[in-house]
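Following: one structure in structure tokens, then a few remarks.
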Amino acid sequence: MGRAMEKLEALLALGGVKKDIVFLVVSGAALLGSLLGWRPLPFDLAWAAILLCGVPIILEAVVGLVTAFDIKADVLVSLALIASVCIGEHFAAGEVAVIMQLGALLEDCTVARARAGIERLVRLTPQTARVRRDGVETVIPADQVVVGDVLSVLPGESIPVDGVILSGETSVNQAVMTGESLPVDKGPGDPVSSGTVNQFGAFTMRAARVGEDSSIQRMIRLVQSADAGKAKIVGLADRWATWIVVIALGAAALTWLFTGEIIRAVTILVVFCPCALVLATPTAIMAAIGNATKHGFLVREGDALERLAGVKKITFDKTGTLTLGVPAVTGVECLPGFTQEELFSLTAAAEQFSEHPLGKAVARGGQGPLLPAEGSRMIPGEGVSARVGGRLVQAGNSRLLARALGGEPPAALLRAAQGHLDRGSTVIYVAVDGQAAGCLVLSDTLREESAPMVEQLHRLEVQPVLLTGDNPSAAGAIAGQVGIREVHANCLPEDKLSYIAACQQEGDRVCMIGDGVNDAPALKRADVGIAMGGVGSDIAVDAADIALVDDEIRELPHLLSLSRRMMATIKVNLTFSMALNFLAIALAISGVLSPVWGALVHNAGSVLVIINSALLLKWRNHT
């Protein structure tokens, strides 16, 4: 019996949406012919609708009842179909079948497409490692590395396992773990994580966590566990199905008992079919999805807007979400003997061949053509050195400056730089011909729309929260500029996940907005995940329920208001459909409605539900 049910379920799944559309078109044409009295065949054309749309509903109801005693709306529909056929009301049976199949098609269209986020994460996992054993360096599969092995990592390679640097200096792109786009300087004694990318210098390291214990594997498990923990919303018609079936059967039985007319009992079953109730939610969701698409949102999960309407907190990643994720020069501090223009010009010329994101930002910010530079040399983990106009220009971190000066930098320069560092900026120190010249200040660029967007969220009584892998100074500076009061800095992926889980345990629905690989677990775990589709990683987009295609976060309040409007529309649809059902039942009990007229009146309610939902297509939030 179990194997037969499995085959039956597989049969029901064949064809997909395209098959349903064909069946609906053919069934609709057949019903029209039946209504007009066409008889090109020896049987009623309504049988086409019964067979194509009604039989799958009946089979699905039987499968649900037999395998799990699961009573859904399709049970009552099946009873109405069978009863109508038994008394010869073929048009009524076919019409109910077509309306129910239309509702199922709309629900199928809101189901998310298959996602490949975990597969993309797996592809990020390094496949090989350079291991030094017995004085010989060999390349082996990364999963064969054991704790304590000494590894070599060359520029441009992904770090295969978690460990500690033994020798060498470099800069590591840790965006996969922290979300921060700027590389971090690393030297002996500093920890490194698997999946992050060594950008510049070669180094040796000792393996500390390997295989399933590595950072990238923990990330994959986080994504998997977060996805499994997200509950799916059940359709309201299915949630009330048991009571609807009991009431309908009871009313039909009592009517037959007291009137003796089977046709009245069948009419009750027909008008009690939850057609409008089934259409109430998917039609509103489809219209709202269409509206959201016009405002730059790609809704990947059908019930995401339903969940978004109840959100009380919206958590933001910083880099790439509230900011553009692109550093820019925001200030120049000069020591006596140098002007701001001169210092910027010299530094931009020295950095013009740099591959470091900060160096590129300096060169990009230069006004006009850059001065020619000679002997440009990158110093891993420190900065660059070049001759510009016959002058030796060295630009980089404090270690490079101290080495260039042969001693401690001037106290005045350090004080000025520290003020910018406290506000979350990055500082590039500059020495010219062995003399301290000043520093350039770089900061991430805040999106112009971030502050107005957060202000609108406050008006909608939604609490914004900042969750970022950046340091507390940078996080606090950005939060202060946009008006976010709750800030959590130095967050790893598991920290973001834990915060969202804690909020959910307290009964708060949470929306997460992010763009990086490190945001994927939080995007999965949140009640609603929204990924930045333009600057965001493919993995973040795959993990999210909604993707913001053009990165215009100014539209976020509109999406939130739209979700609430959608829920209000659904409630109106449900109230209207239930009221119409009970009115039609009263008329059926009194004998005013026949099964055919009952189906027409009842399905007229379905049309009105669709029209009301369609108004969402052009709705706009004007607050």
With respect to V454, determine if the residue is surrounded by 21 or more Cβ atoms within 10 Å (Cβ to Cβ) and closer than 25 Å to A350 by Cβ. no
Residues being closer than 19 Å to M286 by Cα and at pLDDT 80 or above: count how many of those fall in segment 577-609. 2
Given the conditions (1) in contact with a helix residue (DSSP H, G or I) (Cβ under 6 Å, 6 or more places away or on another chain); (2) at pLDDT below 70; (3) over 17 Å from I99 (Cα atoms), every one holds for L41 apart from (1)
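Can you spot a residue in segment 205-212 that is assigned to a loop (DSSP other than H, G, I, E, B) and either at pLDDT 75 or above or surrounded by 21 or more Cβ atoms within 10 Å (Cβ to Cβ) (or both)? Step through it out loud before you land on a result.
Taking segment 205-212 and keeping what is assigned to a loop (DSSP other than H, G, I, E, B), we get 210.
After this cut, where a residue has to be either at pLDDT 75 or above or surrounded by 21 or more Cβ atoms within 10 Å (Cβ to Cβ) (or both) as well, the list is 210.
So far as segment 205-212 goes, yes, one or more of its residues are assigned to a loop (DSSP other than H, G, I, E, B) and either at pLDDT 75 or above or surrounded by 21 or more Cβ atoms within 10 Å (Cβ to Cβ) (or both).
With the requirement that a residue be in a loop (DSSP other than H, G, I, E, B), closer than 21 Å to K496 by Cβ and over 13 Å from the mean Cα position of the chain (by Cα), what does segment 296-316 give you?
The answer is G310, and nothing else.
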Enumerated strands (runs of 3 or more DSSP E) restricted to segment 370-489, each holding at least 1 residues that are closer than 30 Å to H558 by Cα and free of Cβ contacts under 8 Å to residues at least 40 places away in the same chain: 486-488
Whether any residue in segment 325-342 is without any contact (Cβ under 8 Å) to a residue 60 or more places away in the chain and in a loop (DSSP other than H, G, I, E, B) is what I want to check. yes
Residue that is surrounded by the fewest Cβ atoms within 10 Å (Cβ to Cβ) [pool: residues in segment 132-173 that are among the small types (G, A, S) and under 17 Å from V184 (Cα atoms)]: G156
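Would you call G383 on the phi > 0 side of the Ramachandran plot and surrounded by 17 or more Cβ atoms within 10 Å (Cβ to Cβ)?
On the way: on the phi > 0 side of the Ramachandran plot: yes; surrounded by 17 or more Cβ atoms within 10 Å (Cβ to Cβ): yes.
So G383 passes the test.
Yes/no per residue for (1) more than 18 Å from I530 (Cα to Cα); (2) of a type in the set (S, T, Y):
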| position | (1), (2) |
| --- | --- |
| G438 | yes, no |
| V454 | no, no |
| E461 | yes, no |
| S473 | yes, yes |
| A477 | yes, no |
| Q481 | yes, no |
| A489 | yes, no |
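The values are calculated or read from the model by the stated rules, or taken from the named source; none is laboratory data. Just so it is clear, the structure is predicted and the values come from calculations on it, not from any experiment. Glycine also receives a Cβ, built like all others from the backbone with ideal geometry; neighbour counts cover every protein chain displayed.
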